[in-house]
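*Asks:* This is the structure I have questions about; it appears just below.
The values are calculated or read from the model by the stated rules, or taken from the named source; none is laboratory data. All figures in this text were calculated on a predicted structure; none of them were measured in a lab. Virtual Cβ from ideal backbone geometry, glycine too; neighbours counted across all protein chains shown.
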There are 2 protein chains.
Amino acid sequence: MRRDVFQAIADPTRRAILVLIASQAMTPNALADHFDTTRQAVSKHLRILTECELVNPAPAGRESYYHLNADRMKIIDQWLSQFKSMWEDRFSELDNLLSTIKSTPK
Amino acid sequence: MRRDVFQAIADPTRRAILVLIASQAMTPNALADHFDTTRQAVSKHLRILTECELVNPAPAGRESYYHLNADRMKIIDQWLSQFKSMWEDRFSELDNLLSTIKSTPK
DNA sequence: CATTTATGAAACCAATCAGTTGCAAATATA
DNA sequence: TATATTTGCAACTGATTGGTTTCATAAATG
């Protein structure tokens, strides 16, 4: 069972869940209202997000508020950082254009 | 066929390919030497990376050098940016600790 | 010109994925 | 206490995934 943050954010519904709870913790039912799927499907996404610790459930009575653990996003940011110098380089656009031209079949 | 950058970087082999060609463009054969899979498997990964334009092939004779298109990584960085203020907040660590404590079953 | 090398595409396979329905447990409410 | 609500888990299903083997094409080499 591979359960890393990269696989977790690969699904568009899970990315949307993360964005939703970023502003406010939400229950599975409240989240499900925002999607065209069943509550159970959202619950499964929450399980995956919880397993890789991108979210934390906070039980409150019979409800459970899922909080974003933004700290875990650092993992993605850190991986991205090794490429950042390449796209911040002001010549990178030209490089990409040239390699695209070279790779275009005649 | 969903082929976005988030799905592309979900696979660890594809992430490793991106890191390898970041420093130098490489052919499929040269890349395959770094993995415990067949050349054809690497070729399939390259097809996926090409389809979402994370890499560009540059044909050279019977070889084909795959270049990184670091610019496309911006898409991930932009998505991440909406959370960045949360983990840069010096109180976020404390927040996470508190929500973890609250969610721990008694 | 025949052979070797590099590549990409197709067909197939086991495993995983995202979704569903159904159910059980726990909490709130009448 | 009986009922309704909220949640999580198990079982199942069709689609997708990452991998393999096989084959065809194109370019370099003898």
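*Asks:* Looking at B:L68, B:L31, B:L20, B:L46 in this structure, which one is more than 10 Å from chain A (Cβ to nearest Cβ), surrounded by 15 or more Cβ atoms within 10 Å (Cβ to Cβ) and away from DNA strand C (no atom under 11 Å from the Cβ)? Talk me through it step by step, then tell me what you get.
*Replies:* Values: B:L68 fails: more than 10 Å from chain A (Cβ to nearest Cβ); B:L31 fails: away from DNA strand C (no atom under 11 Å from the Cβ); B:L46 fails: away from DNA strand C (no atom under 11 Å from the Cβ).
Answer to the selection: B:L20.
*Asks:* Just checking, which of A:L31, A:L80 is within 11 Å of DNA strand D (Cβ to nearest atom), touching a helix residue (DSSP H, G or I) at 6+ places or on another chain (Cβ under 6 Å) and not in a strand (DSSP E or B)? Don't jump to the end; show me each part of the working.
*Replies:* Values: A:L80 fails: within 11 Å of DNA strand D (Cβ to nearest atom).
The unique qualifying residue is A:L31.
*Asks:* Is one or more of the residues making up region B:61-68 among the charged types (D, E, K, R), at pLDDT 95 or above and assigned to a strand (DSSP E or B)?
*Replies:* Step one: of region B:61-68, the residues among the charged types (D, E, K, R) are B:62-63.
In the following step, the residues that additionally are at pLDDT 95 or above were identified as B:62-63.
Filter once more, keeping what is assigned to a strand (DSSP E or B): B:63.
Yes.
*Asks:* When region B:49-65 is examined, which residues are found to be more than 7 Å from chain A (Cβ to nearest Cβ), without any contact (Cβ under 8 Å) to a residue 24 or more places away in the chain and surrounded by fewer than 16 Cβ atoms within 10 Å (Cβ to Cβ)?
*Replies:* Those that are more than 7 Å from chain A (Cβ to nearest Cβ), without any contact (Cβ under 8 Å) to a residue 24 or more places away in the chain and surrounded by fewer than 16 Cβ atoms within 10 Å (Cβ to Cβ): B:A60, B:G61, B:R62.
*Asks:* Looking at region A:10-28 only, could you name the residues that are over 11 Å from the mean Cα position of the chain (by Cα), assigned to a loop (DSSP other than H, G, I, E, B) and without any contact (Cβ under 8 Å) to a residue 12 or more places away in the chain?
*Replies:* A:Q24
*Asks:* Just give me the residues in region A:34-60 being acidic (D, E) and not in a helix (DSSP H, G or I), in sequence order.
*Replies:* As a first pass, look at region A:34-60 and keep what is acidic (D, E): A:36, A:51, A:53.
Matches in region A:34-60: A:D36, A:E53.
*Asks:* Quick check on my filter: what residues within region A:1-28 are farther than 13 Å from A:Y66 by Cα and within 13 Å of DNA strand D (Cβ to nearest atom)?
*Replies:* A:M1, A:R2, A:D4, A:F6, A:Q7, A:A10, A:D11, A:P12
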